[in-house]
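Everything below concerns the one structure shown next.
The values are calculated or read from the model by the stated rules, or taken from the named source; none is laboratory data. Note that the structure is a prediction, hence the values are computed from the model and not measured. All Cβ positions, even for glycine, are placed from backbone atoms using ideal geometry, and neighbour counts span all protein chains on display. Protein only, heavy atoms only, side chains kept; ligands, DNA and RNA dropped before computing areas. Shrake-Rupley method; radii C 1.70, N 1.55, O 1.52, S 1.80 Å.
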Amino acid sequence: MDEGTPKGACGDRAEGVGVGAGADEGDYELDLPLPTGGAADGVAAAEPSSEAAPPAPAAAADEPPKPLHDPDPYSTPPYGHPGPWAPAPPVQHPATTQAQAPTPAPVQPAAAPSGMEPPAPVAATDPALPPAALPASAAATPDPASPSAPGGPAVPGVPEGPGATDNPWHRYDPWAPVPAGPLQQTGVGVLSEGERRRQVRKRIVGGALALALASGVLGGVVGAQLERKGGFGGVKLPQASAEPTGRAADSVAGIAARALPSVVTLHVSGSEESGTGTGFVLDTRGHILTNNHVVEPAGGDGEITVVFSGGQSAKADVVGRDSGYDLAVVKVRGVSGLRPLPLGNSDGVQVGDPVVAIGAPFDLEGTVTSGIISAKERPITAGGDSGDASDVSYVDALQTDAPINPGNSGGPLLDARGRVIGINSAIRSAADGSDSGSGEAGSIGLGFAIPVNQGRRVAEELINTGHATHPVIGVTLDLDYAGDGARVSTKGGDAGAPVTPGGPGALAGIQAGDVITEVDGTRVHSGTELIVKTRAHRPGDRLELTVERDGRERTLSLVLGSAEGD
């Protein structure tokens, strides 16, 4: 044996150990058989010799390098077979292991070195070996007696049967493939942001389709119901939106809006009769103008109640009245804030001008009607119920087709500017063809109003003196004369001579039996018309009369006198 050559594990030169092709380079190759176990397995491990090896001579300059470690006396893997420190074999799924069920083969040790007996084969089921020392095939073979093996014994506390997997922890499979993403508590994979958005979009689209389908079905049902039954809540008709409340000043609505607060309704009651009429405010002191035949039922001890458009009422007293003009003035007490109606000029009225009448026909207060002036200077008479003609009124009236009915008497007739141009007094009745100031017949489109110029003069006199004056000619007329014109009576009457001595007629040269045919160039056809034309003037006015005497006409100038009215 050469010096420097290492010895075997038993002190002899080991077979199979020699210097290879590169022995001169100092490399060693070991081909020793590995033991199947350590000292604990009963296999005698080689121990190094207790004798110290003689020191090796100094290596020459070209001597190969010494190995980095001493030879392993235990033949630890990876240089040998599995040992106690070998890594555990890979774990396989029990089902796969059971399906393969390979027969465990004994571990064959490598060839033992010369002079040693080969170790006995070690069974894979040797309980003395740790699991890591077993081959993968042996370690993976299930034990039939194990509870985890199919057909193994039942384990107390572990549910069996069809419902044994209801518990999610019983269904846990440690060999199941791991999801790609993170896991939730239930073991289900967490969706990524893109997947969640796709799911949300799918839900939205699905919900929209379902809503559209439901809406279509519901719409069809509702449409069919509406068609068969005309709707669920009854018929609703279209209507225009609310109009502005303001109106043009010259419209009927505009005129009425301004005039109504100044128009009143009079309720008159007396010992024998009662009635209703209309009036309008003359001034802020409480004077109200109306017709004489409206207040006449009150007499001397009756009662007059004035009702304003706002509902306020007040008692009134008669200031003065005149039957010849059919006008009267009353005054209310304890009322403030009165709004007088403006007075117009009846001389400027033309036929065809629009007019508005306001009154309380048949006690319907605040009634507004409209029409036009259909004629001017209509000689009418009204009254005469007393039988002695003392209550007959003679009016050179304005004729209108604005509806006027009983209860309108005393109300204002307004022009397009809302100014008073007349006092509604009478209508032509279809029942008897007479002019009536108090009858119950309805309007036939022939209404008459006292011109406001005449009404203004009479009202001023009634307020100032309590009575009105009448212009007179100073003659007695023959009202039974059937010819054309007004004939002066030939016989004296209760008043004396047919022509009042010293009166206006006598001074003008009028004689008994003369026939007056014109007044200021206007033809008169009867004595009544002559009285109406005369009453349309003031006392002191000058008239031009055309007189026919003995078949000849002559013109006389006359200044009207004055007489106190009734």
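Any residue at all in segment 299-306 that is on the phi > 0 side of the Ramachandran plot and modelled with pLDDT under 95?
yes
Any idea how many residues of segment 277-307 are under 18 Å from L327 (Cβ atoms) and among the polar types (S, T, N, Q)?
Summing the residues that are under 18 Å from L327 (Cβ atoms) and among the polar types (S, T, N, Q) in segment 277-307 gives 4.
Among the residues in segment 312-322, are any touching a residue at least 24 places away in the same chain (Cβ under 8 Å), out of contact with any Phe, Trp or Tyr (no Cβ under 8 Å at 6 or more places or on another chain) and not in a strand (DSSP E or B)?
Checked against the condition, which is being touching a residue at least 24 places away in the same chain (Cβ under 8 Å), out of contact with any Phe, Trp or Tyr (no Cβ under 8 Å at 6 or more places or on another chain) and not in a strand (DSSP E or B), segment 312-322 yields no hits at all.
One line per residue, one yes/no per condition, for (1) under 20 Å from G527 (Cα atoms); (2) touching a residue at least 40 places away in the same chain (Cβ under 8 Å); (3) part of a strand (DSSP E or B); (4) open to solvent by 20 Å² or more (accessible area, probe 1.4 Å):
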site	(1), (2), (3), (4)
Q350	no, no, no, yes
V356	no, yes, yes, no
K376	yes, no, yes, yes
A397	yes, yes, yes, no
I404	no, yes, no, no
N408	no, yes, no, no
A416	no, yes, no, yes
S425	no, yes, yes, no
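So, in segment 270-284, how many residues would count as being over 23 Å from A256 (Cα atoms) and open to solvent by 50 Å² or more (accessible area, probe 1.4 Å)?
Of the residues in that region, 4 qualify.
Which residues, counting only those in segment 452-489, are small (G, A, S), outside any strand (DSSP E or B) and open to solvent by less than 50 Å² (accessible area, probe 1.4 Å)?
G455, A459, G466, A468, G474, G483, G485, S489
Filter segment 323-338 for residues that are in contact with a Lys or Arg (Cβ under 9 Å, 6 or more places away or on another chain) and in a loop (DSSP other than H, G, I, E, B); which is farthest from S409 (Cα to Cα)?
G334
Of all the residues that make up segment 490-512, how many are at pLDDT below 90 and open to solvent by 70 Å² or more (accessible area, probe 1.4 Å)?
4
Of all residues in segment 542-563, how many are in contact with a helix residue (DSSP H, G or I) (Cβ under 9 Å, 6 or more places away or on another chain) and either open to solvent by 20 Å² or more (accessible area, probe 1.4 Å) or of a type in the set (F, W, Y) (or both)?
Adding up the residues that qualify gives 3.
Of the residues that make up segment 284-303, is at least one among the charged types (D, E, K, R), out of contact with any strand residue (DSSP E or B) (no Cβ under 8 Å at 6 or more places or on another chain) and part of a helix (DSSP H, G or I)?
Within segment 284-303 (the criterion being among the charged types (D, E, K, R), out of contact with any strand residue (DSSP E or B) (no Cβ under 8 Å at 6 or more places or on another chain) and part of a helix (DSSP H, G or I)), the answer is no, since none of the residues qualifies.
Please specify each residue of segment 235-278 satisfying the condition of being of a type in the set (A, V, I, L, M, F, W, C) and part of a loop (DSSP other than H, G, I, E, B).
The initial filter retains those residues of segment 235-278 that are of a type in the set (A, V, I, L, M, F, W, C), namely 235, 237, 240, 242, 248-249, 252-253, 255-257, 259-260, 263-264, 266, 268.
Scanning segment 235-278 gives V235, L237, A240, A242, A248, A249.
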